[in-house]
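J.: Here you go, one structure.
Values in this text are rule-based calculations from the coordinates and carry no lab data. These figures come from a predicted structure and were not determined experimentally. Note that we place each Cβ from the backbone using ideal geometry, even for glycine, and neighbour counts take in every protein chain shown.
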Amino acid sequence: MASRFTLDFSGMQQPVSPAGAVVDNIDVDGERRKVVQFLSTEEQSASWQFRVPDDFVAPFTIAYQYAMATGTADNAQWRCEVEAVTPGDALNLGAATSYDTVNDAAADTVPGTAGFLAEVTDELTNGDSAAIGDLIRFRLTYLQASTAAGAADLLLAEISDAA
């Protein structure tokens, strides 16, 4: 059975630089739907960390589920970076990062109606040699290469492995 990591507003780590995405509430019929909001005015990121499970099989695949707050044309483009740290690695976690080469998803044409759900998937070929038991961090970025207007609201992203 495949290992899965769900990336949503809970557990999100907001980076200092580049500018961080924020948790936002969308009011819908008297309820609040939480999203991770990425503004279109600057490249923004958010990250999540987990322990690589005992049944992990490389490579990872990511599925982004998002909606555009106002944009109804053009495209959205996402990036995922992976950092895997093995216990005993010579990396000061309080002073440095060691992300692998970026994984850029193909540009995705946004739905023609704002607020409609879209999904794009990408195989993470650059997985930082993640192994069972590693501390793993995924950093998602909404790229400035995106041409759709307005904020992108990430409802969730799911990382799965090849098992």
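J.: If Lys and Arg each add +1 and Asp and Glu each add -1, what is the summed charge of the other residues whose beta carbon sits under 10 Å from the beta carbon of Ala145?
T.: Here the charged neighbours net out to -1.
J.: Could you list Met12, Met68 in order of exposure, starting from the residue whose Cβ has the fewest other Cβ atoms within 10 Å?
T.: Taking fewest neighbouring Cβ atoms as first place, the list is Met12, Met68.
J.: Among Thr121, Pro111, Thr6, whose Cα lies farthest out toward the positive end of the dipole of segment 4-160, if unit charges sit on the beta carbon of Lys, Arg (+1) and Asp, Glu (-1)?
T.: About the Cα centre, the residue reaching furthest to the positive side is Thr6.
J.: Once you place label points 7 Å from the Cα toward the Cβ at Thr101 and Leu117, how far apart are they in nm?
T.: About 3.4 nm, to one decimal.
J.: Could you check the spin-label model distance between Thr125 and Ala163? Points 7 Å from the Cα along Cα→Cβ, value in nm.
T.: 2.5
J.: For the chain, calculate the relative contact order in percent as a whole number, restricting contacts to Cα pairs under 8 Å that are 6 or more residues apart.
T.: Worked out over the chain, it gives 39 percent.
J.: Let me ask something else. Please report the net charge: other residues with Cβ closer than 13 Å to the Cβ of Pro87, K and R +1, D and E -1.
T.: After counting each charged neighbour, the total is -1.
J.: Let me ask something else about it. Could you give the length gained by full extension between Arg32 and Thr109, i.e. 0.36 nm per residue of separation minus their alpha carbon distance, to one decimal place?
T.: Working it through step by step, the gained length comes to 25.1 nm.
J.: Turning to a different aspect of this structure: What does the highest-first list of 40-50, 114-124, 73-83, 92-102 look like by mean Cβ count within 10 Å?
T.: 73-83, 40-50, 114-124, 92-102
J.: Once the Cβ-Cβ distance between Thr70 and Leu91 is put in as r, and R0 is 35 Å, what FRET efficiency do you end up with, to the nearest 0.05?
T.: The formula returns an efficiency of 0.30 here.
J.: Counting only Cα atoms, I'd like the Rg/Rh figure for the chain, Kirkwood definition for Rh.
T.: 0.98
J.: Restricting the count to DSSP beta bridges whose residues both fall in segment 1-56, what percent are antiparallel, rounded to a multiple of 5?
T.: 90
J.: Sticking with this one: Taking square-rooted eigenvalues a ≥ b ≥ c of the alpha carbon gyration tensor, is segment 77-140 rounded, prolate or oblate, where a/c under 1.5 means rounded and, failing that, a/b exceeding b/c means prolate?
T.: prolate
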